[in-house]
Amino acid sequence: MLDIQFIREHPEVVKESQRKRGESVELVDEVLRADDERRSSLKKFEEARSKQKEIGKQVAKAAPEEKAKLIAETKELSEQVSSFRASADTAEEQYTTAMWKLSNIVEPQAPEGGEDDYVVVKKVGKIRDFAAEGFEPKNHLELGEGVAGIDMKRGVKVSGSRFYFLRGDVARLQIAMLTMAVDQAQEHGFVLAITPTLVRPEVMRGTGFLNSHADEIYRLREPDDDYLVGTSEVALAGMHENEILDLSDGPLRYCGWSSCYRREAGAAGKDTMGIIRVHQFDKVEMFVYAKPEDSDAEHQKLLAMEEEMLGKVEVPYRIIDTAAGDLGSSAARKFDCEAWVPTQERYRELTSTSNCTQYQARRLNIRERVDGGTQPVATLNGTLATTRWLVAILENHQNADGSIEIPKAMRPYMGGKEVIEPRKWEA
């Protein structure tokens, strides 16, 4: 949610942000009209209520011949107060509904345009020339099946499409990757949290996920009415809902480990092979509460953390600055890290980091103390490792015989093992 005072004083800035996102510019005027109606209705109610109280005091002191007249006037005012209260409540509801539709204000540095209008910030790492090495690279599913590590058929049998089993060394490779991410995060001062994967609607709404992408989220209907998270960002944001934080010693930095769930409702026919777009995956997510003036610097730190992890798994990658029209509603700016996938001959997103400024904190009422009162904090998030990373690791570290070299930094987490060898399925 945005600051209504800012919208009143800078409506053109908000309209320009909406335009860059490809969202309704007229919504800004709707919010301002609703705000005027809300304040006008509230003023009428408060004036009538004040007058009603004043006459109530006069009744107690009035002479018998004046009491009847004052009581009649009080009754009439009571009806007006009820009517004005109802109007004020309606106006407040309309205002809130309009306000919650507005997306965060895009940072001026974010590129304009849609999904394909990103700006490449840099490229890191050398892309392998498999032709020069004398063999055709296998895709991650062929490799995973060849080492008895990815079982899509039985995943579908048990749970339906886009589910899978990870087994043996591939399962351990995922645990190694996530554990390495946690160790790195803790080295940088992040507090590990294993988070709930079911959250209340208020928390899901507060983080900005119940918008145009709400159909991507799994929901448990009556009697629970909770949501399954697609990232531990949701739970970590909700953890301090309605709290006042002490940021005098610096930002609060959390590292959340959780299973995540996404319906992939809009992904019909996309990446149906393997574990690129699946309904369930595991992830280590960074989440930061910071002073608003520190949020840009924190954003760069999260990006550096992601690059550090990508360096450890030894895959070529690039960083892109996401265009305004491709930002989620909460993000003011977002960087994606995309790894090279050899069999697709293109970069694919592995991780991203977003600066949500004060948008989520306003919706969840998370503040810090400042001179003269309190103010909403800034929130930021970034993924440090997730199941999809296995795609890039397997394909970029494969050998001609179908074996997979384990990145050096991951070997201590794999019991010292250096190579995952091909093997037959036991069943």
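Some notes on this structure:
- Selection status of Ser248, of a type in the set (Ser, Thr, Tyr) and in a loop (DSSP other than H, G, I, E, B): yes
- Residues within the range 289-302 that are touching a residue at least 24 places away in the same chain (Cβ under 8 Å), of a type in the set (Gly, Ala, Ser) and in a helix (DSSP H, G or I), tallied: 1
- Those helices (runs of 4 or more DSSP H) of the range 1-119 in which 2 or more residues are at pLDDT below 90 occupy 26-61, 64-101.
- Residue match in the range 344-367 (condition: basic (Lys, Arg) and either part of a loop (DSSP other than H, G, I, E, B) or outside the structural domain of Asp169 (by the TED database) (or both)): no
- Considering the conditions (1) modelled with pLDDT under 95; (2) under 17 Å from Ala290 (Cα atoms), Gly266 is excluded by exactly one of them, (2).
- Summed over the range 9-43, the residues that are in contact with a helix residue (DSSP H, G or I) (Cβ under 7 Å, 6 or more places away or on another chain), basic (Lys, Arg) and surrounded by fewer than 18 Cβ atoms within 10 Å (Cβ to Cβ) give a count of 1.
- Any chance Ser258 is in contact with a Phe, Trp or Tyr (Cβ under 6 Å, 6 or more places away or on another chain) and either of a type in the set (Gly, Ala, Ser) or modelled with pLDDT under 95 (or both): no
- Output for the range 149-201, where each listed residue is touching a His at 6+ places or on another chain (Cβ under 7 Å) and on the phi > 0 side of the Ramachandran plot: Arg162
- Only residues that are surrounded by fewer than 17 Cβ atoms within 10 Å (Cβ to Cβ), in contact (Cβ under 8 Å) with a residue 12 or more places away in the chain and not hydrophobic (A, V, I, L, M, F, W, C) were counted across the range 180-195, and they come to 3.
- One residue from Met305, Met309 being in a helix (DSSP H, G or I) and within 26 Å of Phe130 (Cβ to Cβ): Met309
- Set Val370, Val377: member being at pLDDT below 95 and in the same structural domain as Gly149 (by the TED database): Val370
- In the range 291-349, the residues that are in contact with a Lys or Arg (Cβ under 8 Å, 6 or more places away or on another chain), crowded, with 22+ Cβ neighbours inside 10 Å and among the small types (Gly, Ala, Ser): Ala324, Ala339
- Residue that is small (Gly, Ala, Ser), out of contact with any Phe, Trp or Tyr (no Cβ under 7 Å at 6 or more places or on another chain) and either surrounded by 13 or more Cβ atoms within 10 Å (Cβ to Cβ) or outside any helix (DSSP H, G or I) (or both), where the choices are Gly155, Gly144: Gly144
- Sole exception among (1) buried (at least 17 other Cβ atoms within 10 Å of the Cβ); (2) not in a loop (DSSP other than H, G, I, E, B) for His240, by number: (2)
- Residue count for the range 196-214 under the criterion of being surrounded by fewer than 19 Cβ atoms within 10 Å (Cβ to Cβ) and assigned to a helix (DSSP H, G or I): the result is 4.
- Number of residues in the range 312-343 that are over 13 Å from the mean Cα position of the chain (by Cα), part of a strand (DSSP E or B) and of a type in the set (D, E, K, R) equals 4.
- Only residues that are assigned to a loop (DSSP other than H, G, I, E, B) and farther than 30 Å from Ala237 by Cα were counted in the range 371-427, giving 19.
- Per the conditions (1) in contact (Cβ under 8 Å) with a residue 60 or more places away in the chain; (2) farther than 28 Å from Leu2 by Cβ, the sole criterion not satisfied by Val158 is (1).
- Val284 being within 15 Å of Ala181 (Cβ to Cβ), touching a helix residue (DSSP H, G or I) at 6+ places or on another chain (Cβ under 6 Å), of a type in the set (A, V, I, L, M, F, W, C) and in a loop (DSSP other than H, G, I, E, B): no
The values are calculated or read from the model by the stated rules, or taken from the named source; none is laboratory data. Worth saying up front: this structure is predicted, and the values here are computed from it rather than measured. All Cβ positions, even for glycine, are placed from backbone atoms using ideal geometry, and neighbour counts span all protein chains on display.
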